[in-house]
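All remarks here apply to the structure that follows.
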Amino acid sequence: MGRAKLPRKSTNIDMTAMCDVAFLLLSFFILTTKFKPSEAIAVTIPKSVAAKVAPSKDIVQVIIDKDGKVFLEMDDETVKEVIANTLNSTKGMNLNVTAFKRSAFFGSSFSALPNYLALPEDQRKGNNLPGIPVKDSTNNELVTWMALVRDAYQGKKPNLLLKGDNLAKYPAFKSVVDAFKKNDFLKFQMVTNPEPVPAGTDLWKKAQAGEKRED
């Protein structure tokens, strides 16, 4: 007696649950992603062949624009809250601590800082801002700023970056570096625009030799 043949049926996979999970994950990443804010000051940075990636956390960045004006950026709100409270207690500035914490960019003298923080965020950018006074060696306010940063980090070293415009003059850089040294910040990174190593140079030959050894 022959065996009964069972009818063949196509496999049917229900993808509804997987689609739901995919959309939930997509929604999660969209809602939790923090987009990089637009640059407050237009700076044309020099090019270099360095391949080291700039840090993305605990950043204290000093910016020098083409006119030699100096600005300060910080990303840690806890540190900024400590600095704001210190300024209020030591200088009697009566700063809005919430506004200070939310501002990632500072570009005025201490005397004008309350008015600066009162400006709408879209007005706290651009080359019309006065910048932090540094050109007078007897009144380099960046020295005080860096002292506040040092004390707020309580012995832990932040990732100190210096971003200077190609057209900025040497005196502005010297004032910034002097402010670093006076607060024992002896190591910092220059922000540059990376480009490939020119072929035939010693650095290129060294890189090529390293690649061959890995092979």
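What follows is calculated from the coordinates using simple rules that are stated; it is not laboratory data. In this text the structure is predicted, and so the values were computed from the model without any measurement. For neighbour counting, all protein chains shown are included, and Cβ atoms are generated from backbone atoms with ideal geometry for every residue, glycine included.
Below are the figures for this structure:
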read-out: Of all residues in region 139-198 being among the basic types (Lys, Arg) and assigned to a helix (DSSP H, G or I), the one that is surrounded by the most Cβ atoms within 10 Å (Cβ to Cβ); value: Arg150
read-out: Every pair of residues 6+ apart whose Cβ atoms lie under 6 Å, when the first sits in region 96-117 and is under 13 Å from Leu72 (Cα atoms) while the second is among the aliphatic types (A, V, I, L, M) and assigned to a loop (DSSP other than H, G, I, E, B); value: Phe105/Ala40; Gly107/Leu129
read-out: Members of region 113-133 that are in contact with a Phe, Trp or Tyr (Cβ under 8 Å, 6 or more places away or on another chain) and among the hydrophobic types (A, V, I, L, M, F, W, C); value: Leu113, Leu117, Leu129, Ile132
